[in-house]
Amino acid sequence: MLLLRILLSPFALLYAAVVAGRSFLYQSKIFNRTEFDIPIICVGNLSAGGTGKTPHIEFLIRKLSSYFKLAVLSRGYMRKTTGYIFANQHANASTIGDEPYQIFRKFPEVAVGVSANRVLGVPDLLADAPDTQIILMDDGFQHLAIKAGFNIILTPYNDRFTKDFIIPSGRLREFRSGYKRADVIIVTKCPEHISQTEQQKIMEEINPLPNQLVLFSLITYQTKLKSVFNDTEISVNNLDEVLVFSGIAQAQYFENYIRAQAKNISSIRYADHHYYLEDDLKTIAQRFGFIESATKIIITTEKDAVKLWSHPQKELITSLPLFFISVEVNFVGDGEAQLLKKINQYINHVNELQHENN
């Protein structure tokens, strides 16, 4: 790993120079940053993928949608369309992206729009959902052209930004110092029983600014597996022979959880946001056929399942016992209360400013 980083260091230096130049142009106001009157909460990261943005967006939806009319603005990464698109009954994973489509299907009361250009996407989204009170911006921390009012960055427990390096020597999209733009830093995918001592050690490692809040969250897998193509549910406990497949970053978390529940598993890994081709579905069916067990099943992630619901060749796997598992975010200690308090303070501040201006 060290040798590889040394070999890639010239490219990392070039990437770092571009990042530094771009940051300077915005900081010196040569490039303008657009700010909107509506509260915008950005959930992003410093590294490239695998931090748990979608589960944290879903957490915010669950906690805020009872009090505010929410909308989600995403880039729609790896979609097969361009420009701004507002999610409707014709949307699917290929038109708006797998993660936005997952949110759209799970939370029909929340407006969802995708646009690579967030500055143009915000007014487009508000035109389609004019009653929106808060926008949750998915993965826009490096989109410096727009100035979100409240920034949350995520960093995985086992792959913290404090120990990472600039792409391609590491996974960082920008310098570690970028964390200073955040209001909240969440260490994600923590072990279930992380101690107070370890939390304090990590906080000292991050070295937050006085105004920053550092929290710790963990991913909780649901106890029921849901069929991808019908309403069947089964328990995740005491599984026999399992084939798992996924197209997510850091698939080991998902695989390790299923491995702990099953007697035996085999796995197929695809790249993050992978769009399944006909040959992929045939491979999954063939691998499943090789397992000699009467109680064998297939398990994938919810993010992968949404790409199969409207797949044009889904008949290749609809007869198989194919299930997906959902995840939710939980916070360590009183982290949830601290986060929601800070968010509400921000929302109240924006609303007060709007009232004064009117």
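Every number here is computed from the coordinates shown, using simple stated rules; none is lab data. Because the structure is a prediction, the values reported are computed rather than measured. Heads up, the Cβs are rebuilt from the backbone with ideal geometry, glycines too, and the neighbour counts pull from every protein chain shown.
Go through the range 183-291 and name the GluC sites (Glu not before Pro) that are in a DSSP coil and have 16 or fewer other Cβ atoms within 10 Å of their Cβ. Working shown, then result.
On the way: sites: Glu192, Glu198, Glu204, Glu205, Glu233, Glu241, Glu255, Glu278; in loops: Glu192.
Listed in order of number, the matching sites are Glu192.
Taking the Cα centre of the range 223-325 as origin, work out the dipole magnitude from +1 charges on Lys and Arg Cβ and -1 charges on Asp and Glu Cβ, in debye rounded to 20.
Numbers: 11 positive and 13 negative charges, 32 e Å.
My answer is approximately 160 debye.
Highest first, please rank the peptides 304-314, 332-342, 283-293, 35-45 by the mean number of other Cβ atoms sitting within 10 Å of their residues. Before the final figure, lay out the partial values.
On the way: 304-314: 18.1, 332-342: 15.5, 283-293: 13.7, 35-45: 20.5.
Put in order of decreasing packing, that is 35-45, 304-314, 332-342, 283-293.
Using Cβ counts within 10 Å as a stand-in for footprinting exposure, how do Arg33, Arg75 rank, fewest first? The partial results should precede the final answer.
Working: Arg33 14, Arg75 20.
Lowest count first: Arg33, Arg75.
Under 1.5 on a/c is rounded, so check that first for the range 50-163, then, if it is not, pick prolate when a/b is larger than b/c and oblate when it is not; a ≥ b ≥ c are the square roots of the alpha carbon gyration tensor eigenvalues.
Rounded.
With an 8 Å Cα cut-off and a minimum separation of 6 or more residues, compute the relative contact order for the range 1-123 in percent. All intermediate terms of the calculation are to be shown ahead of the outcome.
On the way: 111 pairs, mean separation 25.3, N = 123.
Over the range 1-123, the number comes to 21 percent.
Taking a ≥ b ≥ c as the square roots of the eigenvalues of the Cα gyration tensor of the range 223-325, is the shape rounded (a/c under 1.5), prolate (a/b larger than b/c) or oblate?
Details: a/c = 1.37, a/b = 1.23, b/c = 1.12.
Verdict is rounded for the range 223-325.
Set the Förster radius R0 to 22 Å, insert the Cβ-Cβ distance between Arg33 and Leu120 as r into 1/(1 + (r/R0)^6), and round the FRET efficiency to 0.05.
On the way: r = 14 Å, r/R0 = 0.65.
It comes out at approximately 0.95.
In debye, nearest 20, what is the charge dipole magnitude of the chain about its Cα centre with +1 on Lys and Arg Cβ and -1 on Asp and Glu Cβ, if you could check?
On the way: 37 positive and 37 negative charges, 160 e Å.
Here the size comes out at about 760 debye.
For the charge dipole of the range 223-325, defined by +1 on Lys and Arg C-beta atoms and -1 on Asp and Glu C-beta atoms about the Cα centroid, which residue among Leu243, Tyr253, Ile299 has the Cα displaced farthest towards the positive pole?
Farthest towards the positive end: Tyr253.
For the pair Asn88 and Asn256, what calculated FRET efficiency results from E = 1/(1 + (r/R0)^6), where r is the Cβ-Cβ distance and R0 = 35 Å, to the nearest 0.05? If you can, show how the numbers build up before the last one.
Numbers: r = 37 Å, r/R0 = 1.07.
About 0.40, to the nearest 0.05.
Scattering from the C-alpha atoms of the chain alone, worked out with Debye: what is log10 I(q)/I(0) at q = 0.06, 0.11, 0.15 1/Å?
-0.24, -0.81, -1.44
Could you check what % of the DSSP bridge pairs in the range 223-325 are antiparallel, to the nearest 5?
25
Which pairs break 27 Å Cα to Cα here: Lys226/Lys314; Lys53/Lys282; Lys224/Lys263?
Lys53/Lys282
Apply the a/c threshold of 1.5 to the C-alpha gyration tensor of the range 23-67 and tell me whether it is rounded, prolate or oblate.
Numbers: a/c = 6.12, a/b = 1.54, b/c = 3.97.
Taking the square roots of the gyration eigenvalues as a ≥ b ≥ c, the range 23-67 is oblate.
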